[in-house]
Structures are given as structure tokens and as C-alpha cells.
Amino acid sequence: MGNNPPDRLEYYASLKRNIFIAVVIVSMIPLIVFGSITRYEFHTSYAEKVRAHLSIMVKKHAQNIDTFLKERQANIVSLASSYPYEQLADNAFLAQQLTRFQKTYGPVITDLGIINEKGEQISYAGPFQLKDANYAESEWLKQAMASDVYTSDVFMGLRRLPHFIVAVRSLKNGTPWLLRATIDFMAFNELVQNIHIGKTGFAFIINKKIEMQTDSTRSVEKNLFRDAELFHPDKTGTDIMNEPLFQTRTSDSGKEIIYVARLLKNGEWALVFQQDHLDAYSELYRAREVSLLTLVLGGIAIVLMAAWVSRHTTIKIAKADQEKEIMNRQVIQSGHLASIGMLAAGIAHEINNPVAIMVEEAGWIEDLLEDEDFKESENLNEFKRALGQIRKQGIRCRNITHKMLNFSRHSDHRVQLFNLNELIREITNLSSQHAKYSNVTIELNLTEPLSSIKASQTEMEQVIFNLLNNAIDAIDKKEGGKVRIHTWQDDSMIHFEVQDTGSGISEANLKRIFDPFFSTKPTGQGTGLGLSICYGIVQKMNGQIVVESTLEKGSRFEISLPAAESPEETETKTTKTTGSMTS
Amino acid sequence: MMPKEFTPIIRLLLVDDEVEFTSIMVKRLGRRNIVATTANNGDQALLLLDKNTYDVAVLDLKMEGMDGLEVLKMFKLKAPDLPVIMLTGHGSQLAAEEGFAHGAFDYLSKPYDIEGLTQIIRKAVFGGREQHE
């Protein structure tokens, strides 16, 4: 197969590129669209899920804590209302009550105390030495005296430990007194410290001043709440008492943090759940990574596939184009040959008549030379030689025109069965004179029996004749040489080989020997049609013609033809071979 | 070459549109005891055939006007026993075979050898067993 010219290569390169791009686009678009939709849907629903989950969790815990606080308040309220001041002012009784509480609810209440209107602790039950403590200066006392039931923020107080109190105000003869209970900070802490989600999710309670009401081992991004609308529900428009506030904020360190908060204790405190955004949405991010990986791998697969498909397709198209081009060339070639043939036929018709007249006129002079008057002529022999030459050249003209006519396929095309060996014998007989004159011995090595061939005998004759003549002509007359003709059969093919010890064919000429009008013989001796005709005939017979040649050693032509199915049915053809010429 | 004195005279009708060709052929055949009358087209040939009797006819296949094959068909109608030798300017066996199909005796392609032609003529007239070379 011939090489493609550069513009062809460019065309295939652009074709390959276009196929590649088309395949990539067609495959990538659904992948990306589908991937994006899935990602978006998943993201939305997962975010919604996380939000709902955290909100519910915070709401539930806030309710728990509220309940806890209310229960403690109820405990204290019931204690204050169940017993008179005098009884509660008795240390032993108070201690008894504390023990009862601790038995019932666990170590939730650390201590109990009765405080008069002056802030003096009248009685105390608990682990600290606070019997005669005076709370007159304490901020909480003022607030506790102002309301029936009071729950403080967490403070250090006299005991120098974080705690908060629940106080109930009662009246004795118009003078207020307080029953104060300290809530165990550890027990209260546990209510929020147990809230753990993921690696970074934890909860804490803050008051309106953004002071921690629970202990936290984790770092609380308090500054996130500086301008918090948390305690100003009007700002957000949400009912934080019922529905938790869900916000995402960026911390000073640049981390995205989500917090979920709900107010407690009538809006004085807030339970806040804080978690790193990355942690809260870790599964989402993982899913995102997986989908991205899938997308990338899919993309790579598509690109590889597109590369393969475009390459493969382009190669196939190039091959098909090449085959088409070869076929086109063959069509053009055969068209060429057909027009050459028609031209040749026309020339042959026109030439044969004048040549016939010339030959006849020469013949007439020969006839006249037979007469007595010329017998004495000095130049008689020279006349005869010249006339003989005219006749000989006339015959040559006829041979040429006949070859041209045969080339235009005006010969016998009837297909029949015949034996190749017989035909070879006939033709070698015909050529024996030519061979003898050229100092060539013809060796026949014909395998018997040989299956018949189904073809046009006239055409086959031409092939054999041409190859034999060429072989003889290739041999130098002075040195002489051999022409071997060999026939054999393998399976369904009959092979016919003509080998000579002649001059051989150069590599450059070997490529052109089947071209019409290509001849290496001296001008006037060859028409250059012989092998071209042979080639056409063999092709038509579904055969093959192979040439091997070495300069100065000789050439070998091998023709392989399909054997006819019925080898014995060889029909002997009798051709009218009139019109032969004396030479 | 056949010795002239022993060969009987043959009357031949030569039909060819090339006048130069027919005139030289008349001379050459005359030397071989063959008296040729020439016609340069089919009509002329048919007129001659009506008037005279011939032993053999030589007919060119390719002529202007009436084609050689048509002339052959007419000859075979008028004189079915007249042997007709076809001349062709080309070696096409197909054309020659069409001639055979219409009753031609033989065919020769131009240029031919005069001896070959005379042999065929004699064979056509006498049914002789001469072999051509």
C-alpha cells in the first residue's frame, strides 16, 4: 500500500481529533450532568438530614435540661412549702432532707441552706463549711429575693468552685427568707458532656453574657456568639425557644463551624452544639470525594476509549480510502487501457490496408522479376533482397497491429477446457525456429497428468508465446542459453514457470514490466504490450503472475491458474489457423 | 509457386473498396491463372454477380456503404454454391466467425501472402488437399 500524501495525513489527523473530541463530549456530558445532579441531590438531602438530626438532638437535650432544672426547682419549691421555717432552720432536719433528696435523685443537689432576708445563712446541710456564711453582698441574693423561684448562672461563690443555685423565696410574717439548693455542677455537666457527635461535635451551655455555664474540654469558639442573635430571637425571626437555630460560621482560624442552639431556662441560657463543618458533613465530603474519583476515573476511561476509538476508526477509514484509491486507479487504468485499445484497434484497421497494398506492390515486382528479361540483371539479388525486406517489414506491421488488436481484446474470448501441457508443446514447436536462431535450448519439464484449465485458449496461447519469446530474446545470441518451462500442480492450482538464463531485469524495470508500452527491447523490436496483455489475461483467469529476476543471471515468470474441476473433460479445440504466412 | 501451365483458369470476383489494392491484386492473381474481376462496393459486386458466373469470390469485410457481411448474405442468396473467402483488415476471429456462420469458406487477414491466398482459392474451387504453410 502506498504512503498517504501529507495533506491526507493532515486530514486523518484532524479526523482523528474530531472523532476523539466528539466521543469525549458525547460521553462526558451525560457523565458530568448525571454526576452533578446526583451530587447536588445527595448534598441537599444529606445536608438536610444532618441539619434535622442535629436540630432534633439539640431540641431533645435542651428539653431534658429544662426538665432537669424545672424538677430541681419543683423539689426545692415543694420542700420550702412542705415545712415551716423553724423546722428548716434546724441543721439536723435540713441534713435529713438533703439525704432524702440524694437518695431519691442521686447526688444532684450538693447542699441546702436557709438564708434570712439579711443574707445570713441560718442553717446549712452539705459538705462545705458554710454554716455562718453571709451572702449579703452576693449578686444572686438580690435577684433571688426579687423572685419566687430563682436559678442562678454558674459562679464561683464562697466555695471557689463553679456551681449554680436554685433558690425559693418564702415569707415568714412578711419577712422573706430563702431556701437555697446548690446543684451539683458535675451532675449538671454530664447532661451536656454526654453529647458527642463525630470527632468535633460537643455541646455546652452559655448565658446571655456568653459565659460558659458548663465545663468543656474542647475549645469553644465563643467569639462566634459575640454578635449572636441567639438571645435576640426577634432578630432571626425564629422561635429559638422551640426550634433550634442552625448556623454556619467561619471561625477566626478560618475553620467553618456549625452551631445549633436552643434557648433554655426561659431564654436566659442556651444549649449550644458546636461541630466542625468538615466533621459534621464528613460523609458528605467522603461521598463527594468518591464521586469525584469516579468522575475522574470515568473521564480517564472515556479519554482512553476515545483515543482508542478515534485511532482505530481513522486507521480503518484510511485503509478503506487507500483500497478505494487503489480501486479507482485500477478503474482509471483499465479505462486508459480500454481507450488505448480502441485507439489501437482503429490504427490497426487503417494501417493494414495500406500495408497490404505495399506488400502486394512489392510482391508484384517480385512476380515481374521472375520474368526472363530481368534474369540477367546485375542487381537481381539486391532487388530480391529489398523486396523480401519490404514483405518482411509488412509482416512485422501486421504482427504489431494484431498485437494491438489483441490488446483491445478483440481476440477469442470463448472459455473452454484445455490441457496446458499440450498447448505448451504446440507453442514450443512453433518457437523452435526462433529458439534455434537465437542459440537457445528449450527444456520442457511438464508434469503429467495435469488438470485442465478453463480459459480462453487463444489468450493462454498469447501468454505462453509472450513469455517464451521474451525468455528467448533475453538470451544473448552469441553466448546462448537455456529456457526451462516447468508445469506442476498443487491442490487446485496449476503452475507454469518459464525460466531463462538471460540478461535479467533491473529492479527499476521490474516494477514497470507489466505497464503497457514499456519495452526494454531496441526500438522497433518490441511493442511493450506483451507482458501487459499477459498480466491482463492472467488476472482475468483469476490467476497470479510472479516475476523474479537477477541481473545477468536470468528471470523467472511463474503463473498460477486455478485448475478446472473436471480434468478429464479436456475438449480439444480445432482452431482455423488459416492465414499463416510463409516466412 | 504453382507451375502456371498446369493450372486451369479460375474466375474470381474480388470485392474491396481500396482501388489500389484491387488493381494490384488483379495483376498478381492474373500471373497465377486467376482472372479477377473487381468491384469496389457491394452494389457493384451484386450487379456483376447477376451478369456473370464466378468460381470464387474474395470479399473485404470492411467496406464503405454495404458492409462485407451484408454482401456475403446477398451472395449466399443469389449464388449459394459460390465459395466466398473473407478478407479482414484486422485479426479479429469474432468477425471471421460471423463470416463462417453466414457460409464463408475461409478468412484471411490483411496483409497476407499471395501464395497463401492462391492456395485457399484453389482449395475453394477444387476442394484440393493442398496444405497451407
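The values are calculated or read from the model by the stated rules, or taken from the named source; none is laboratory data. Small disclaimer: the values here were computed from a predicted structure and weren't measured. Note that each Cβ is placed from the backbone with ideal geometry, even for glycine, and that neighbours are counted across all protein chains shown. Heavy atoms of the whole protein, side chains included, go into the accessibility calculation; ligands, DNA and RNA do not. Shrake-Rupley method; radii C 1.70, N 1.55, O 1.52, S 1.80 Å.
Numbers for the structure displayed
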| quantity | calculated |
| --- | --- |
| Built amide H within the under 5 Å cut-off of B:L14, gap 5+ | B:T37, B:T38, B:A39, B:V58 |
| Cβ-defined net charge surrounding A:K16, 11 Å radius [Lys, Arg +1; Asp, Glu -1] | +1 |
| Spin-label model distance (nm) - B:A101 vs A:K553, 7 Å beyond Cα toward Cβ | 5.2 nm |
| Local net charge near A:L561, Cβ-Cβ under 13 Å (Lys/Arg +1, Asp/Glu -1) | -3 |
| Modelled FRET efficiency - R0 30 Å, A:L297 with A:E256, Cβ distances, 0.05 increments | 0.60 |
| Percentage relative contact order, the stretch A:452-517, counting C-alpha pairs under 8 Å, at least six apart | 28 percent |
| Too-long pairs where the Cα-Cα distance tops 24 Å, listed order kept, from A:K392/A:K553; A:K521/A:K553; B:K27/B:K123; A:K324/A:K454 | A:K392/A:K553; A:K324/A:K454 |
| Size of the A/B contact, given as accessible area buried on both chains, probe 1.4 Å, in Å² | 2900 Å² |
| Residue-level accessible surface for B:F105, protein heavy atoms, 1.4 Å, Å² | 70 Å² |
| Cα long-axis angle, helix B:19-30 against chain B (0 to 90 degrees, to the nearest 10) | 30 degrees |
| Length added when fully stretched, A:E443-A:R160, from 0.36 nm per residue minus Cα-Cα | 88.6 nm |
| Radius 10 Å from Cβ of B:M25, net charge of other residues (Lys, Arg +1; Asp, Glu -1) | -2 |
| Spin-label pair A:I315/A:L9, simplified geometry with 7 Å Cα→Cβ offset, distance in nm | 1.8 nm |
| All lysines inside 17 Å of B:K73 as judged from Cα atoms, apart from same-chain residues fewer than 8 positions distant | B:K62 |
| Contour minus Cα-Cα distance for A:N328 and A:T520 (0.36 nm per residue) | 66.3 nm |
| All aspartates and glutamates inside 18 Å of A:K142 as judged from Cα atoms, apart from same-chain residues fewer than 8 positions distant | A:E117, A:E120, A:D153, A:E268 |
| Crossing angle, helix A:380-407 versus chain A [Cα axis fit, 0-90 degrees, rounded to tens] | 30 degrees |
| Length released on extending from A:N379 to A:V290, taking residue separation times 0.36 nm less the Cα-Cα span | 20.8 nm |
| A:Y40 accessible area, assembled protein chains, probe 1.4 Å, Å² | 150 Å² |
| The stretch A:436-494: trypsin sites (Lys or Arg not before Pro) in DSSP loop, at most 16 other beta carbons within 10 Å | A:K477, A:K478 |
| Value at 222 nm in deg cm²/dmol, rounded to 500, when DSSP H runs of n ≥ 4 in chain A each add -39,500 (n - 2.57) | -17500 deg cm²/dmol |
| Per-residue HN-Hα couplings for the stretch A:49-63 [Karplus 6.51, -1.76, 1.60; θ = phi - 60°; Hz; x = Gly/Pro] | 5, 4, 4, 5, 4, 5, 4, 4, 4, 5, 4, 4, 5, 4, 4 |
| Modelled FRET efficiency - R0 45 Å, A:R396 with B:N52, Cβ distances, 0.05 increments | 0.70 |
| Estimated dipole of chain A in Debye, rounded to 20 [Cβ of Lys and Arg +1, of Asp and Glu -1, Cα centre] | 2860 debye |
| Distance cut-off 32 Å, percentage of C-alpha pairs in the protein assembly as shown lying past it | 73 percent |
| Farthest toward positive dipole pole in the protein assembly as shown [+1 Lys/Arg, -1 Asp/Glu at C-beta], among A:V355, B:T53, A:G388 | A:V355 |
| Simple spin-label estimate for A:E350 and A:N64 in nanometres, 7 Å along Cα-Cβ | 11.8 nm |
| Per residue convex hull volume, Cα atoms of the stretch A:413-562, in Å³ | 107 Å³ |
| Per-pair calculated FRET efficiency, R0 = 22 Å: A:Q102 and A:K131 via Cβ, rounded to 0.05 | 0.70 |
